[in-house]
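Derivation of every value follows stated rules applied to the coordinates shown; laboratory data play no part. Since this is a predicted model, take the numbers as computed values, not measurements. Quick reminder, even Gly has a Cβ in these numbers, built from the backbone with ideal geometry, and neighbours come from all protein chains shown.
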Amino acid sequence: MIRTTVFAASLGLAGTLAHADTLTFYTAGPGGLADALAEAFQAETGITVNVFQGTTGQVMARLEAEESNPQADVVVSASWGSAVDMHERGLLMEYMSPNAQAVPDDLKHSHYTAQGISALALVWNTQSDAPRPSEWSDLTDEAYRDLVTMPDPAQSGTAFDLVAGLEAAMGEEAWELLAALADNDMIVPGPNAAALNPVLQGAKAVVFGAVDYISYGQAASGETIEVIVPESGTVIAPRPMIILGSTIQPEAAQQFVDFVLSDAGQELVAATWMMPARADIEGLRPGIDDLAVIEVDEDAVSARRDEIIARFNDTVINR
Amino acid sequence: MLRAQSVLTSLAAAALLVLVGLPVLFILLQAVFPQFARGSFDNAFASLAILTDNDRLLTQARNTLGLAFSVMLGCLIFGLPIGVLRGLFKVPGARVWDVVFLIPFLIPPFIAAIAWMMTLQPRGYLFQLAGFDLGHFLFSFTGVAFVMTLNLFPLVYFAVSRALEMVGGRFASAARVHGARPLQAFFLITLPLSIPAIAASLLIVFAMSIEEFGTPAALASRTGFEVLVTGIYTRLSDWPIDLSGAALGSVILMAMVLAAYILQNWIATRRSYISQTGKPSDLDKADLGPWRWPVLGLFTLVALIGVVIPLAAIGVTSVMGTISGGLNWANFDTRHYEPIFRAGSNAGKALLTSGWLAFMTAFATAIIGGVVAYIVVRGTGRGRVVMDGLSVLPNAIPAIVLAVGIILVWNSPYMPVSLYGTAGILLIAYIGILLPYPIRYAVARLRQISGSLDDAARVAGADQMQALRHIILPLMAPSLIAAMMLVFAIASRELVASIMLAPAGLRTVGTFVFAQFEQGSVQTGMAMSVIAITITSGILLAVNLWLSRQGSSAFSG
């Protein structure tokens, strides 16, 4: 009797959640953006969007755990390589939104399109005793001993892209740089916010490789931090938006992708201090053309993901 | 009527098997067969190589044990002195202290850890107020053990003070009558007779620190050491995931908790004859005299560290305009509460979701737990033996292990129905995680209810079910309600299973707050915690008031 009650209760809930007119949207990055997109989309189409928001690591892990029983329809990750990888495994549906015309060519593909773009930067607490850094390598200086944090590449898709990008630009020197940072007592406390929070209170002075839009937003809300993009170049992290091939409602999923790339959708993206994917929508902050961008061969990098993470762990975390 | 009992037995057994048995079975299978989740039994025992190839799992196991022992020690230091004083002496404001030391149970451990971080780290609140920081202390093994101790020391305080009240009152007076001096009576009679209760509470502390997720999750990455729970979580939440490694870690974790529980159960049942005398004892506690003031000072100090500082740090953070603005009046701002109170906000939905989940969990666990306890204590024949064994099972399963098992079960190609991706999966996870409390409370209570009461009812013509309904159930009610309140408090802030199992579109208080710290605003996370802690304590206080008007206190169970 007890069991049937519990069972009936849960089945009842299942009924309300798996309604035909609902989309399931897994997304990395700011929870506020996902909710705002879902809300605006529902107002326009009447289709409910159920959001799961987490780090890129959590999103990808969930997709993998659910492989035999897929739940998501549309996914946004913060790492371009993850979309490349999923496409190679044949998990994606082909779709090019009509609204993607103004998206630059290298930010769209037959199976995935950028939702927005962030860049990786140094974030410095202007009230700290440490001097203002201007280059990645500045942080190996004694003045920054025990004062630097970095997001964990295993959890943050953008931090992974930075490590891969620095390796592409500098070769072995990138690993020497990371080792020197580790020698300078840099900590790797978790995903982006976990790396930024100690800097906000002043326990640490600089984030190495923070995703820039969170910090632009925090600075705008009055936190005493400055986003510094090194002149030697940085990595941009376009956030791929994909439709899973397993979706049972491809039309609604395509409608959602169209909406995210519409004027209204891209304005919501811009409001989070990200660069919108469409070149014809104005961002609140410096755009791609204002940055020295390090080119990364995503195909080559995504294939080496495990290797790069393992080497990062050996060099920095389990040093 | 025997039939009624066997129907009850089978239903309860089925519930335990589905809720807890299946997940454990699937974890064992996954640990042995790496391809199990994909429906294949190839490469048996291949994943055991993880143990020898890479010592990470073993390091985590060592760290877990080391931490659990340190927390036990810490709880002795924090909980024992005040527990002894409360149990043997007339401490001024004794009832108030009991309420104060319940508060740590209401603060989510993850939040408490963040609060300590923001207080003690360099440039934290302590530095801003006093000019120095304790960052090196906090971000160390000792620091993590310290924060976990503060979550758990009340268990020792309550166990010690209750045991001493009972033993100290009755048996020590007997010793005094026979000419023992007070100190002699304490060391020869009271202390030895209370040791089982103290040891049992320490073992619960041990088991709970082994399975604790929030504190290590918040602090361990800053400290550079992993425990099994965070290791299992990482294996499942970082891509690529490692199901077999997670299952293997879960097996080790289960073995540790099971060992602690069996030892605890052995100690606790050995002492049970003491508590069954059932005669009301006229407590004759000693006066503290001039020692009143140092004792009050000690209680205040423990309350300051264990309750006031974390609560203050949480409250203060929630009303700071900016974190970098620090502690000053110009930085006071309540704007981070706004997104929570906005109509239709996700925070509001999360509060509602956690509310009804916790409510349903409290009822379901009380029903299942009550039935299980009844069969274990009063049942007859084979059903009783089976149930006795099964009832141990939920105790041995840490929340994270149950979550792993539930993913394996409800996602598997072998299951005809899938609850995965529905709110139902959270409900069955919560029930499985929290079942031990009602079972433990109800078994303890039933052992105190004399069997002659049933017999009297039967002589008067009642059948077994009538005796159960009219005699046993009313007598069990206070302890079941106490267990339900505890279940409600814990379920309303459950974190680790919720993170791993909550379907898209469903947020709980725990996942909402966790997400705020991972990718949102620290102040909003703290604001949500303030609201949740206030609501939960409000509900618990109201129930307790109502109960005390009915003439019994829930926490005396």
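Please order A:L291, B:L258 by the number of other Cβ within 10 Å, starting at the fewest.
With the fewest neighbours first, A:L291, B:L258 line up as B:L258, A:L291.
Helix by helix through chain B, keep the DSSP H runs that span 20 Å or more along the axis on Cα and average at least 1.0 on Kyte-Doolittle, and give those back in order.
The answer, listed by residue number, is B:2-16, B:56-88, B:141-177, B:191-211, B:243-270, B:346-378, B:473-491, B:522-549.
At a 10 Å Cβ-Cβ cut-off, how would you order B:T511, B:T353, B:T534, A:T48, fewest neighbours first?
B:T534, A:T48, B:T353, B:T511
Using Cα centres only, tell me the gap between the stretch A:214-252 and the stretch B:480-557 in whole Å.
Here the answer is 33 Å between Cα centres.
If you find the alpha carbon centre of the stretch B:119-198 and of the stretch A:170-192, how far apart are they in angstrom?
One Cα centre to the other: 43 Å.
List every residue whose amide H lies under 5 Å from the amide H of A:V49, counting only residues 5 or more places away in sequence or on a different chain, with H placed 1.01 Å from N in the peptide plane.
A:L23
Using modelled backbone amide H atoms (1.01 Å from N, in-plane), which distant-in-sequence or interchain residues come within less than 5 Å of A:H111's amide H?
A:Y95
When Lys and Arg each count +1 and Asp and Glu each count -1, what net charge do the other residues less than 11 Å away from A:A277, Cβ to Cβ, add up to?
So the surrounding residues net to +2.
If a/c stays under 1.5 just call it rounded; otherwise compare a/b with b/c (prolate if a/b is bigger, oblate if not). Do that for the stretch B:55-333, with a ≥ b ≥ c from the square roots of the Cα gyration tensor eigenvalues.
It comes out oblate by the Cα gyration axes.
Run the quick spin-label model on B:S452 and A:S232: label points 7 Å from Cα toward the beta carbon, then report their separation in nm to one decimal.
Modelled inter-label distance: 8.7 nm.
Please give the length that would be gained between B:L11 and B:A343 if that part of the chain were fully extended, namely 0.36 nm times their separation in residues minus their C-alpha to C-alpha distance (nm, one decimal).
115.3 nm
Suppose a student asked you for the relative contact order of chain B, using Cα pairs under 8 Å spaced at least 6 residues apart; what percent would you report?
Here the relative contact order equals 20 percent.
At 222 nm, what value in deg cm²/dmol follows for chain B if DSSP H runs of at least 4 each add -39500 (n - 2.57) and the sum is divided by all its residues, to the nearest 500?
After summing the helix terms and dividing by residue count, I get -22500 deg cm²/dmol.
Could you line up A:S110, B:S161 from fewest to most neighbouring Cβ atoms inside 10 Å?
A:S110, B:S161
Which value, in Å to one decimal place, does the Kirkwood hydrodynamic radius take for the protein assembly as shown when every pair of different Cα atoms is included?
Value: 28.8 Å, from the Cα pair sum.
For chain A, what does -39500 (n - 2.57) per DSSP helix run (n ≥ 4), summed and divided by total residues, give at 222 nm, in deg cm²/dmol to the nearest 500?
-12000 deg cm²/dmol
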